[in-house]
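Q: Structure in structure tokens, see below.
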Amino acid sequence: MKQADPLHPSDAARIARRALPLLDLTDLIETCTSDAVEALCARARTNAVAAVCVWPRFVALAGRVLAGSDVRIATVVNFPDGADDTAAAVAETRAAIADGADEIDLVLPYRAFLNGEAATARTMVMAVREVCHDRLLKVILETGMLPDTTMITQASRLSLEAGADFIKTSTGKTPISATPEAAEAMLTVIREWGGARTVGLKVSGGLRRVEDAATYLAAADRIMGPDWARSATFRLGASSLLDDLIRVLGSDR
């Protein structure tokens, strides 16, 4: 994403205050340790973010560290490759929920989708939806691997129709992660969504500065209205963005 121009300090502080409770504070590096997860959860609790997002093997630990807080526990399924093995994705989901996950971030089998196998993608989302029950299901489209906004729109509609509560841009593991163009296409689908349940957007991958948060919040305000972006409908998945928000806010929190 092209780096945005710096914000005026007062605007930066306003955006930082909006963004902080929308964060999914994330550690999905391959070498993540229990100590790192405990530190992540401590930061999440201190800063009152929306959720932490950790590998499935750390869900139970995160639950113990965050017990009694309002911070939700998210984990990833079919991650990061987006394979087409529905049974494996369902098994991962069941295990994560048994360990205490509140939210499941499922990678759409995007290669199958690109190869014209939309039914494979739909089947996986529906199957995972069924075992999620009341847990939040976010479907990662891996938008940087989709060739254009037409495909992003189609993948967004498929995911919502199959039961996703959120559509999410990226794993953060591909050369192109979130882009404003992808987010705007996804928001347009959400705006046009005619289903009975509330659905939302998670922007993830490459967000590091308060200006990045401002870009995506502005798109949400423009497309969905100024009161739409809240933790129930809009998340920012990031590991380093928190540092910049804290820098901007300083002691004014």
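The values are calculated or read from the model by the stated rules, or taken from the named source; none is laboratory data. As the structure is a prediction and not an experimental result, all values here were calculated from the model. FYI the Cβ positions are ideal-geometry reconstructions off the backbone, even for glycines, and counts take in every protein chain you see.
Q: Residues of the stretch 32-91 being assigned to a helix (DSSP H, G or I) and among the hydroxyl-bearing types (Ser, Thr, Tyr), which ones? Explain how you work it out, then say what you get.
A: Step one: list which residues in the stretch 32-91 are assigned to a helix (DSSP H, G or I), which gives 34-47, 56-65, 86-91.
If the condition is that a residue be assigned to a helix (DSSP H, G or I) and among the hydroxyl-bearing types (Ser, Thr, Tyr), then SER34, THR46, THR86 are the ones that fit.
Q: Sticking with this one: Could you list, in sequence order, all residues of the stretch 19-31 that are crowded, with 17+ Cβ neighbours inside 10 Å and either β-branched (Val, Ile, Thr) or in a helix (DSSP H, G or I) (or both)? Walk me through it before giving the result.
A: Here is the first cut: in the stretch 19-31, the residues crowded, with 17+ Cβ neighbours inside 10 Å are 19-20, 22-28.
Hits for the stretch 19-31 are ALA19, LEU20, LEU22, THR26.
Q: Can you tell me which residues in the stretch 146-169 are without any contact (Cβ under 8 Å) to a residue 40 or more places away in the chain, in a helix (DSSP H, G or I), in contact with a helix residue (DSSP H, G or I) (Cβ under 6 Å, 6 or more places away or on another chain) and not basic (Lys, Arg)?
A: Selection gives THR149, ILE152, THR153, SER156.
Q: Which residues, taken from the stretch 78-135, are acidic (Asp, Glu), touching a residue at least 24 places away in the same chain (Cβ under 8 Å), under 19 Å from THR171 (Cα atoms) and surrounded by fewer than 17 Cβ atoms within 10 Å (Cβ to Cβ)?
A: The one that is acidic (Asp, Glu), touching a residue at least 24 places away in the same chain (Cβ under 8 Å), under 19 Å from THR171 (Cα atoms) and surrounded by fewer than 17 Cβ atoms within 10 Å (Cβ to Cβ): ASP81.
Q: Taking the stretch 227-246 as the search range and keeping residues that are more than 16 Å from LEU201 (Cβ to Cβ) and out of contact with any helix residue (DSSP H, G or I) (no Cβ under 8 Å at 6 or more places or on another chain), which one is modelled with the highest pLDDT?
A: Filtering the stretch 227-246 for residues that are more than 16 Å from LEU201 (Cβ to Cβ) and out of contact with any helix residue (DSSP H, G or I) (no Cβ under 8 Å at 6 or more places or on another chain), the one modelled with the highest pLDDT comes out as ASP243.
Q: For the list (1) in contact with a Gly (Cβ under 8 Å, 6 or more places away or on another chain); (2) farther than 30 Å from ASP148 by Cβ, I need the number of the one condition that VAL107 fails.
A: With respect to (1) in contact with a Gly (Cβ under 8 Å, 6 or more places away or on another chain); (2) farther than 30 Å from ASP148 by Cβ, VAL107 is out only on (2).
Q: Could you grab the pairs with beta carbons closer than 7 Å, sequence gap of 6+ or different chains, first residue in the stretch 33-55 and touching a residue at least 12 places away in the same chain (Cβ under 8 Å), second one among the polar types (S, T, N, Q)?
A: Cβ pairs passing all conditions: ARG45/SER69; ALA50/SER231; CYS53/THR26; CYS53/THR75; VAL54/THR75; TRP55/THR75.
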